[in-house]
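The values are calculated or read from the model by the stated rules, or taken from the named source; none is laboratory data. Small disclaimer: the values here were computed from a predicted structure and weren't measured. Note that each Cβ is placed from the backbone with ideal geometry, even for glycine, and that neighbours are counted across all protein chains shown.
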């Protein structure tokens, strides 16, 4: 009986590995690696949002200066040097 | 040599001041439809991303039918971040084609192709065609059963064109059927021929945009226009959108990495319910609408001829739309554009669901 159960379980596990071979893993399977990847993705988005805020602030400042008209160079401006 | 000296060294040899003056004085119109201007910039950004990720993948990919599939599995499973670069390349390509379609349709509906911008339309349209061929050639490089069957169907479809069909089919396949020779051929297209043509056409397209300036929709052309400097105003806005697009591509690549099927076997039967890539679905679905034989003629051949005529008409729209070139509103071509768009979307959805 023990032998039959052992043989059946062996066949079952072998078949399982065969099924598993059908699908090729395209993403790291180790939980720790997965955690690091999702963690990095969250940090990446924080960095993107931060950069967008900085560029937006810079753009607002440029538009404010353009509205005031002090961004244009004056002709024949005396140079100090 | 410090930075100032290096700067002086270059300025003594090249007129950077002129270049700076040029960028400072370049103005772009700002209006309610300006959002469509960004689609061109997004496409350019995605093309750049494709070039970078493609170069990285080319270091490890083996373009030989016996090793191609295995080399991709090794890139994905064994190389550090290999899965990520392959996924970025896949999603970058998908998004580039989506944005290109949006860019083409926005150009069509805003009549930006009208005189004197006909060559802008032609160069852009050829770029769209090349991008689709990029997709098809890249798809076969996987050398899995789905890609193999899809390329067999696509090249077989081209073979139905009268007179030149068989030549195109044989030229693409490198023989009678899809074999290892087709893989080598598609690899050459994907990494050398198409990138060279693309770079040339992008250069021409950008030069033409600089030469003609941004197009303003007909409805706003006669109204007083507000303009903003390209640098830094529009450039910074472009940068923000590029960052968002990069975020989307990276997120999609991480959460939905593309699958790899079983290795292609030329002798095995075609897998059931095989479908081409989404941008070919409307063609695939149209072919299904036609019966095998129409008045004694091959139905598939008639379908391919009709589809080719439809695409050719779309390509030559700037020459047919006389009203827009005279500066008059042309509702007929707006409706034609809408019909093309609805047909494409409906057929793609049906093809996806069926």
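Quick test for you: out of B:92, B:40, B:54, B:48, pick the one residue that is under 23 Å from residue B:278 (Cα atoms) and without any contact (Cβ under 8 Å) to a residue 24 or more places away in the chain. Spell out the reasoning first.
Working: B:92 fails: without any contact (Cβ under 8 Å) to a residue 24 or more places away in the chain; B:40 fails: without any contact (Cβ under 8 Å) to a residue 24 or more places away in the chain; B:54 fails: without any contact (Cβ under 8 Å) to a residue 24 or more places away in the chain.
Going through B:92, B:40, B:54, B:48 in turn, the sole match is B:48.
Is it the case, given these coordinates, that residue B:240 is in a helix (DSSP H, G or I), within 14 Å of chain A (Cβ to nearest Cβ) and surrounded by fewer than 15 Cβ atoms within 10 Å (Cβ to Cβ)? Lay out the reasoning, then the answer.
Values: in a helix (DSSP H, G or I): yes; within 14 Å of chain A (Cβ to nearest Cβ): yes; surrounded by fewer than 15 Cβ atoms within 10 Å (Cβ to Cβ): no.
It is false that residue B:240 is in a helix (DSSP H, G or I), within 14 Å of chain A (Cβ to nearest Cβ) and surrounded by fewer than 15 Cβ atoms within 10 Å (Cβ to Cβ).
When the residues of the range B:50-83 are filtered to those that are within 11 Å of chain A (Cβ to nearest Cβ) and in contact with a helix residue (DSSP H, G or I) (Cβ under 6 Å, 6 or more places away or on another chain), which remaining residue is surrounded by the fewest Cβ atoms within 10 Å (Cβ to Cβ)?
The residue in question is B:82.
State whether one or more residues within the range B:47-54 are under 20 Å from residue B:258 (Cβ atoms) and not in a helix (DSSP H, G or I). Even if it seems obvious, please write down each step before you answer.
The initial filter retains those residues of the range B:47-54 that are under 20 Å from residue B:258 (Cβ atoms), namely B:47, B:49-54.
Checking which are not in a helix (DSSP H, G or I) leaves us with none.
No, that holds for no residue.
What is the number of the single condition among (1) within 14 Å of chain A (Cβ to nearest Cβ); (2) surrounded by fewer than 18 Cβ atoms within 10 Å (Cβ to Cβ); (3) over 23 Å from residue B:111 (Cβ atoms) that residue B:228 does not meet?
In the conditions (1) within 14 Å of chain A (Cβ to nearest Cβ); (2) surrounded by fewer than 18 Cβ atoms within 10 Å (Cβ to Cβ); (3) over 23 Å from residue B:111 (Cβ atoms), residue B:228 misses (3) alone.
Show the residue pairs meeting these rules: Cβ distance below 6 Å; 6+ apart or different chains; first residue within the range B:324-342 and under 17 Å from residue B:118 (Cβ atoms); second residue part of a loop (DSSP other than H, G, I, E, B) and at pLDDT below 95.
B:324/B:111; B:324/B:114; B:324/B:330; B:325/B:114; B:325/B:115; B:330/B:321; B:333/B:321
For the range B:256-271, does any single residue satisfy the condition of being loosely packed, with under 14 Cβ neighbours inside 10 Å, within 14 Å of chain A (Cβ to nearest Cβ) and at pLDDT below 90?
Yes.
Of the numbered conditions (1) under 30 Å from residue B:180 (Cα atoms); (2) away from chain A (no Cβ under 14 Å); (3) in a helix (DSSP H, G or I), residue B:335 fails exactly one; give the number of that condition.
(1)
Taking the condition of being within 11 Å of chain B (Cβ to nearest Cβ) and either within 29 Å of residue B:253 (Cβ to Cβ) or under 25 Å from the mean Cα position of the chain (by Cα) (or both), how many residues in the range A:41-81 meet it?
Residues in the range A:41-81 being within 11 Å of chain B (Cβ to nearest Cβ) and either within 29 Å of residue B:253 (Cβ to Cβ) or under 25 Å from the mean Cα position of the chain (by Cα) (or both): 18 in total.
Inspect all residues belonging to the range B:305-320 and state whether any of them is touching a strand residue (DSSP E or B) at 6+ places or on another chain (Cβ under 6 Å) and free of Cβ contacts under 8 Å to residues at least 40 places away in the same chain.
As a first pass, look at the range B:305-320 and keep what is touching a strand residue (DSSP E or B) at 6+ places or on another chain (Cβ under 6 Å): none.
No, that holds for no residue.
Might you check whether a residue that is within 30 Å of residue B:262 (Cα to Cα) and not in a helix (DSSP H, G or I) occurs anywhere in the range B:33-42? Break it down into steps so the answer makes sense when it comes.
Within the range B:33-42, the first condition is being within 30 Å of residue B:262 (Cα to Cα), and the residues that meet it are none.
Checking the range B:33-42: not a single residue is within 30 Å of residue B:262 (Cα to Cα) and not in a helix (DSSP H, G or I).
In the list B:251, B:286, which residue meets the criterion of being within 14 Å of another protein chain (Cβ to nearest Cβ), under 27 Å from the mean Cα position of the chain (by Cα) and over 30 Å from residue B:66 (Cβ atoms)? Reasoning before the result, please.
Values: B:286 fails: within 14 Å of another protein chain (Cβ to nearest Cβ).
Of the residues listed, the single one that is within 14 Å of another protein chain (Cβ to nearest Cβ), under 27 Å from the mean Cα position of the chain (by Cα) and over 30 Å from residue B:66 (Cβ atoms) is B:251.
Looking at B:188, B:147, can you tell me which residue is in a helix (DSSP H, G or I) and at pLDDT below 95? Please lay out each step first, then the result.
Numbers: B:188 fails: at pLDDT below 95.
Checking each option against the conditions leaves just B:147.
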